[in-house]
1. At 0.36 nm per residue, minus the direct Cα-Cα distance, what do W238 and D64 gain on full extension? Give it in nm, one decimal, please.
2. Quick one: compute the contact order of the range 94-162, relative version, from alpha carbon pairs under 8 angstrom and 6+ residues apart, as a percent.
3. Mind checking which lysines have their Cα closer than 26 Å to the Cα of K135? Skip sequence neighbours fewer than 8 apart in that chain.
4. For the range 124-190, what is the accessible area per residue in Å² when the probe is 1.4 Å?
5. What net charge do the residues around K128 carry, taking every other residue with its C-beta under 14 Å from that of K128, with Lys and Arg at +1 and Asp and Glu at -1?
6. How long is the gain from S189 to D142 if the chain were fully straight, where each residue apart is worth 0.36 nm and the alpha carbon distance is subtracted?
7. For the range 40-188, which whole percent of the accessible surface, found with a 1.4 angstrom probe, sits on carbon and sulfur atoms?
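The values are calculated or read from the model by the stated rules, or taken from the named source; none is laboratory data. Since the model is a prediction, treat every value here as computed from it, not as a measurement. Positions of Cβ are backbone-derived with ideal geometry, glycine not excepted, and every protein chain shown enters the neighbour counts. With ligands, DNA and RNA removed, areas are computed over all heavy atoms of the protein, side chains included. Shrake-Rupley method; radii C 1.70, N 1.55, O 1.52, S 1.80 Å.
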Amino acid sequence: MSWWLPTAKALNRLGVPYPYLNRIACGSTSILTEIKFEVTDRCNLACTFCHQDFGAKGGTTTLDMEVYERVLTAAKSEGIRVVRLTGGEPLMLKSIDVFLRRAKDLGFAVIVNTNGTALPEKRLQALKGLVDCVKISLPAADEQTMTHVTGNKITWRRKWEALERLEKLGINTHILTVMTSENIQQFDSFIRLLEPHPSIRWKPLRAETQDGDRHPVSRDEIRSLAAQLSEVRTRKRWKDLTLGLATPFCALENPS
């Protein structure tokens, strides 16, 4: 198999939707350099913006280790350099250390997508050296809204405890925010909230369409968001701030 592809724009003209172009820098390279593994459908939250509703469905499955190792080996032979573990909530797995170590042993850089609520200090210390980057979802800029969108009253506190620990340990940390109709209005609040944390990179993401919700944000809301991005990029702290794409992690009925 080959991972060499034409540019994202060329593929899109052929009918391939942008959400399925799994790339690190969409449109800037023709080589796929990252592979994502959805290691579990378990999740301890029920976020309203989740495209898979894992928390509400009460998933119980875990990716088979034999499948994982086979795909890892193939990815290594094809020149893939980055492995990303996602879910569900991957850090709910007791075996997550095994998944991480297998990837590191093969020389991959490892990214973990997490909601940040399963990162107590002891667990985080155990993960040090196995993870190159942690990406934490932060869908709201205040505690009340966070409780509403995640369905959990302690989510805000748990996320910020995790962020502070990651910052203290010097682990590369990104905050991912799927920009919805509600939190586009909170853009300035996100900026004020994250300004004192220069080591943490914020990555706002454009909401993807879902079944039953083909237009999660309007054109006017996207224009408003674009204007706010342009304005804040004039400041040194935010000069690299861009709008990414909230790519669904699983585009197949049977991911295995």
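1. 58.6 nm
2. Relative contact order comes out at 33 percent.
3. K36, K57, K76, K94, K104, K122, K153, K159, K168, K203, K236, K239
4. Value for the range 124-190: 44 Å² per residue.
5. On the way: positive: R101, K104, K122, R123, R165, K168; negative: D97, E121, D132, E167.
Local charge sum for K128: +2.
6. Working: separation 47, 0.36 × 47 = 16.92 nm, distance 0.82 nm.
Here the answer is 16.1 nm.
7. Reported share for carbon and sulfur atoms: 49 percent.
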